[in-house]
1. How many residues are under 30 Å from Ser96 (Cβ atoms) and in a loop (DSSP other than H, G, I, E, B) when one looks only at the range 137-180?
2. Please determine whether any residue of the range 213-234 is of a type in the set (Val, Ile, Thr) and either modelled with pLDDT under 95 or more than 30 Å from Arg80 (Cβ to Cβ) (or both).
3. Is it true that some residue in the range 88-98 is of a type in the set (Val, Ile, Thr) and surrounded by 12 or more Cβ atoms within 10 Å (Cβ to Cβ)?
4. Suppose we keep only residues that are free of Cβ contacts under 8 Å to residues at least 40 places away in the same chain and surrounded by 13 or more Cβ atoms within 10 Å (Cβ to Cβ) within the range 228-260. Which one would you say is farthest from Gly186 (Cα to Cα)?
5. One residue is enough: does the range 161-173 have a residue meeting the conditions within 22 Å of Gly19 (Cα to Cα), aromatic (Phe, Trp, Tyr) and free of Cβ contacts under 8 Å to residues at least 24 places away in the same chain?
6. Kindly indicate whether Gly19 is on the phi > 0 side of the Ramachandran plot, out of contact with any helix residue (DSSP H, G or I) (no Cβ under 7 Å at 6 or more places or on another chain) and either surrounded by fewer than 24 Cβ atoms within 10 Å (Cβ to Cβ) or not in a loop (DSSP other than H, G, I, E, B) (or both).
7. Would it be correct to say that Glu103 is of a type outside the set (Val, Ile, Thr), without any contact (Cβ under 8 Å) to a residue 40 or more places away in the chain and over 23 Å from Ala68 (Cβ atoms)?
8. Please enumerate the residues belonging to the range 181-214 that are crowded, with 17+ Cβ neighbours inside 10 Å, hydrophobic (A, V, I, L, M, F, W, C) and over 16 Å from the mean Cα position of the chain (by Cα).
Amino acid sequence: MQLDSRISAVVTGGASGLGAATARRLASHGVKVALFDLNAAQGEALAREIGGVFCQVDVTSEDQVDAAFAQARAAHGQERILVNCAGTGNGIKTASRDKATGEIRHFPLANFDRILQINLVGTFRCIAKSAAGMLTLDLLPDGERGAIVNTASVAAEDGQIGQASYSASKAGVVGMTLPIARDLMGEGIRVNTILPGIFGTPLLQSLPDHVKEALAASVPFPKRLGDPAEYAQAAEFLITCGYMNGESIRVDGAIRMAPR
């Protein structure tokens, strides 16, 4: 797919971090970008910067997702690109003992479900809605209708202590990539997933310097946090390389996460 002003895109989680970097990169090619996010202040500011549109949306809400796609399409037309970056995480052991009181407790199941609803079901909800819209489009000269890029995590393959819900949600994204690609293969829509390692998103950049230094040192090479622009570069490759389909690729400096 050639990126230019004839193409529109939706980036979920687009107000900051990996999503914002991807939105900027797509917009640099002239692509019309709609940002889906909860953070209105950041989302509206970035939309002004790149000449896009901001849609405030919680990806766990069917109604809000439908309204956001309607808003984006009214502004830019039917999107040919969807990049799913909306997600969250937590760190809670499956079962643990309080060191002070000896009280035994288990992972709050409502919390487990919340992570799945955002990271996995929310991603699938946006894929299904976007793909249905893409089916209304004519084929491009290269035989494509659209391209979808999802965000998993290296935790999908080597999750750490306390990451049961996060790892399960991200492994689910990896697991559904090939079946969805197969579902859509007859319609000219490609589907791929990125598994980022430790990236310098606003959340990580807010950590103390010694923590960031330790994280950077754990990366085999290069010994630094990933730059969100490098995620965006990988996303662009998956969007524009017509032979990439049904793949889940790690972008991680060769890291393999230790238990903690």
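1. Going through the range 137-180 one residue at a time, the tally reaches 8.
2. We begin by selecting, within the range 213-234, every residue of a type in the set (Val, Ile, Thr); these are 219.
So of that shortlist, the ones also either modelled with pLDDT under 95 or more than 30 Å from Arg80 (Cβ to Cβ) (or both) come out as 219.
For the range 213-234, residues of a type in the set (Val, Ile, Thr) and either modelled with pLDDT under 95 or more than 30 Å from Arg80 (Cβ to Cβ) (or both): present.
3. Step one: list which residues in the range 88-98 are of a type in the set (Val, Ile, Thr), which gives 88, 92, 94.
Applying the additional criterion that residues be surrounded by 12 or more Cβ atoms within 10 Å (Cβ to Cβ) yields 88, 92.
The answer is yes; a qualifying residue exists.
4. First, pick out the residues of the range 228-260 that are free of Cβ contacts under 8 Å to residues at least 40 places away in the same chain: 230, 237, 241, 243, 254.
Now narrow it down to the ones that are surrounded by 13 or more Cβ atoms within 10 Å (Cβ to Cβ): 230, 237, 241.
Values: Glu230: 31, Phe237: 22, Cys241: 18 Å.
The selected residue is Glu230.
5. No.
6. Details: on the phi > 0 side of the Ramachandran plot: no; out of contact with any helix residue (DSSP H, G or I) (no Cβ under 7 Å at 6 or more places or on another chain): yes; either surrounded by fewer than 24 Cβ atoms within 10 Å (Cβ to Cβ) or not in a loop (DSSP other than H, G, I, E, B) (or both): yes.
So Gly19 does not fit the description; no.
7. Values: of a type outside the set (Val, Ile, Thr): yes; without any contact (Cβ under 8 Å) to a residue 40 or more places away in the chain: yes; over 23 Å from Ala68 (Cβ atoms): yes.
Answer is yes for this residue.
8. In the first step, residues of the range 181-214 are kept if they are crowded, with 17+ Cβ neighbours inside 10 Å; the result is 181, 184, 188-201, 212.
Still in the running and hydrophobic (A, V, I, L, M, F, W, C): 181, 184, 189, 191, 194-195, 198-199.
Ala181, Leu184, Ile189 - these are the residues of the range 181-214 that are crowded, with 17+ Cβ neighbours inside 10 Å, hydrophobic (A, V, I, L, M, F, W, C) and over 16 Å from the mean Cα position of the chain (by Cα).
The values are calculated or read from the model by the stated rules, or taken from the named source; none is laboratory data. In this text the structure is predicted, and so the values were computed from the model without any measurement. Here Cβ is always computed from backbone atoms with ideal geometry, including for glycine, and neighbour counts include all displayed protein chains.
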